[in-house]
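As structure tokens, the structure follows; a few thoughts come after it.
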Amino acid sequence: MKLSTPEFRAMQSLPRKLGQRYFEMPIFRYMGLGLQNKDVLEIGCGSGYGAFLLNQLQPKSYVGFDVMAEQVELAKKKYPQFQFLIQDAEDLSQFANESKDVVIIFGVLHHIPNWRKAIDEIVRVLKPGGSLFLEEPRGVDIKFFDSIFRWGHPDTDFGLNALDAHLSKRELKIVNKRWTPLLTMYHIWK
Ligand SMILES: C[S@@+](CC[C@H](N)C(=O)[O-])C[C@H]1O[C@@H](n2cnc3c(N)ncnc32)[C@H](O)[C@@H]1O
């Protein structure tokens with residue numbers, strides 16, 4: 001779902017970039033994120049700062065996509081050297097089965113009405129033994145945050161218990177899970 005104007009602005013801000021660079025990426029690295037010689041897909045790439053950070057890890061290929069055209073336009077303008085697409089995570093039919101080594105999500109599933117479908121699509125495109133690195137806020141924190149900042153997240157049943165249940169249903173293995181005050185971070189194996 002498209003971001004509200006306040007959230008869109010917040011996603012372009014310096015604090016967001018600092019958080020992604022000095023907090024989230026180091027935790028993912030600690031949890032095993034390495035991209036050398038890997039085919040990488042970033043879901044909900046926003047305006048491309050994640051692409052900038054991820055490409056420092058020298059993947060074999062990188063594709064980032066986002067459902068919001070404004071985000072993808074910004075990403076293409078800022079980082080013309082990387083590949084970005086306008087795409088909905090619920091339908092990844094343009095990516096072949098078992099074609100990606102690593103899928104990365106920086107806080108996107110809680111925006112997707114049918115987030116289980118997005119996970120099912122990730123399972124399809126990941127190679128056997130491939131990794132999903134994922135970070136999401138807790139459902140209760142999203143509601144609390146919205147009551148104060150009015151970012152207007154979609155009203156879905158997303159939450160970490162529901163997420164864990166769906167990962168388990170799809171026989172994905174949580175190899176590492178770290179709680180932080182804003183986000184819970186996962187390394188998951190197919
Ligand atoms: C909270 S922002 C995070 C952006 C970026 N990953 C970051 O960490 O700064 C969520 C992003 O997910 C995108 N998004 C929402 N629903 C989506 C969907 N169904 N498919 C792909 N991207 C989606 C939004 O447009 C937005 O850019």
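Ranking S168, S61, S47 by Cβ neighbours within 10 Å, fewest first, what do you get? Walk me through the numbers before you get to the answer.
Values: S168 11, S61 14, S47 24.
If I rank by nearby Cβ atoms, fewest first, I get S168, S61, S47.
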Checklist line | L18-K2 pseudo-label distance in nm [points 7 Å out on the Cα-to-Cβ vector] | finding: 3.1 nm
Notebook entry, point to check: For the stretch 38-189, what is the largest minus smallest coordinate of the Cα atoms on each principal axis, given in angstrom and ordered from greatest to least?
Noted result: 39, 35, 27
Check: What trypsin sites (Lys or Arg not before Pro) in the stretch 38-128 are in a loop by DSSP, with at most 14 other Cβ atoms within 10 Å of the Cβ?
Finding: K60
Next item on the list: Quickly work out the Q36-to-V175 label distance, labels modelled 7 Å from Cα along the C-beta direction, and quote it in nm with one decimal.
Entry: 1.7 nm
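For n ≥ 4 DSSP H runs only, could you compute -39500 (n - 2.57) per run for the chain, divide by its residues and tell me the 222 nm figure to the nearest 500?
On the way: 8 runs with 68 residues, N = 190.
One gets -10000 deg cm²/dmol as the mean residue ellipticity at 222 nm.
Quick note: the coordinates plus some simple rules give every number you see, no bench work behind them. Keep in mind that this is a model prediction, so the values were computed, not measured. Glycine also receives a Cβ, built like all others from the backbone with ideal geometry; neighbour counts cover every protein chain displayed.
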